[in-house]
Amino acid sequence: MTPAPAVTETDRRNFREHGVVALRGVLPREVVRALEAPVARAVDGDSSTADLSELGDALQGSDPDPDRARRGRFRSGVDHWLGDPDMEAFALRSPLPALVASLLETSALYLYEDSILVKEPGSIEPTVFHQDHPYFSVDGDLVCTTWIPLDPVTRESGAMGYVRGSHLDDTEWRPNLFVTRDPIPGTSGTDVPDLHRDPGDADIVWIDAQPGDVLVHHSRTIHGAGPNRSTTTTRRAVSVRYCGDGVRFRRRAVTPKPHHEPLVDGEPIGPPAFPRAWP
Ligand SMILES: O=C(O)CCC(=O)C(=O)O
């Protein structure tokens, strides 16, 4: 395996100042290819992903759509690392953790979770703009999401969009249901504006990406993604979320995880609930 290109000082500055950075061509082809089988298993076989298109339809209270069968689906799931050794190997033993540790300039890196995010051609749901932080049961600054495309991604096929600098705003944004702006029941905060409809003066950067690229955003950066309007290209992506130095557990009810049950608010994160990914 060829050594991964190093993270540069410019990458670190972009991440610090904009809350997002595109690391281009940093993952070897064989590493990205190795994600294809676990993604296919999760989407087609083992029911570890949910149909967010169906959820979106249900939340909008729309009548059953006669064209539904012909539309693509947006499927997503989390924490595949717990049951799939290929996803665990990618999150913990691929070149990814060292790249992230170098970007965050942390002395240690811990895994929070992975996600699989597949938008089939013609899946009409945008990923609604949101901030990851209120979904995560942690507090601290060195928390980030990496987004790894398995296919070339353009605006047409569901590129990610990030509001530059939004990680520096201390508004408590309310978590939403990801495919509609409905807030998650029992949560509080300010609703993220509908930036797909009206970006206003938000400094949104839409990032086209290729397999081998890694997009990294701070857990406080507001972001979303377009629908997949392509008729031929599936948009397969994996997200892996990591925490660095100084991050502590803080239970949030939004996404409870059985492996978090024994943890107490305020304790430093670490194995086994947060496996050490680097060094
Ligand atoms: O892939 C998508 O559509 C959204 C991904 C996302 O919001 C995330 O990974 O935090």
(request) Quickly estimate the mean residue ellipticity at 222 nm for the chain, helices only: each DSSP H run with n ≥ 4 gives -39500 (n - 2.57), and the total goes over all residues, rounded to 500. (result) -4500 deg cm²/dmol
(request) Determine Rg/Rh for the range 172-279; Rg is computed over alpha-carbon atoms and Rh is the Kirkwood hydrodynamic estimate from the same atoms. (result) 0.99
(request) Pick out which of Pro175, Pro211, Pro185 has the largest mean-square fluctuation in a Gaussian network model of the chain, springs linking Cα atoms closer than 10 Å. (result) Pro185
(message) Distance between the C-alpha centers of the range 111-184 and the range 201-279? Whole Å please.
(response) 8
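For the chain, divide the Cα radius of gyration by the Kirkwood radius and give the resulting Rg/Rh value with two decimals. Write out the running numbers ahead of the final one.
Numbers: Rg = 17.7 Å, Rh = 19.0 Å.
With Rh from the inverse mean 1/r over Cα pairs, Rg/Rh is 0.93.
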(message) Explain nothing, just the number: relative contact order of the range 9-273, from Cα pairs under 8 Å at least 6 residues apart, as a whole percent.
(response) 30
(message) How much accessible area per residue does the chain have, counting only protein heavy atoms and a probe of 1.4 Å, in square angstrom?
(response) 45
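Leaving out ligands, DNA and RNA, and with a 1.4 Å probe, what % of the accessible surface on the chain is carbon or sulfur?
Working: 6430 of 12450 Å².
It is 52 percent, rounded to a whole number.
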(message) What are the ³J(HN,Hα) couplings of the range 252-259, residue after residue, when phi is run through the Karplus curve with 6.51, -1.76, 1.60 and θ = phi - 60°? Round to Hz, x for glycine and proline.
(response) 10, 6, 4, 10, x, 10, x, 6
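The values are calculated or read from the model by the stated rules, or taken from the named source; none is laboratory data. All figures in this text were calculated on a predicted structure; none of them were measured in a lab. Just so you know, the surface numbers come from the protein's heavy atoms only, side chains and all, with ligands and any DNA or RNA stripped out. Shrake-Rupley method; radii C 1.70, N 1.55, O 1.52, S 1.80 Å.
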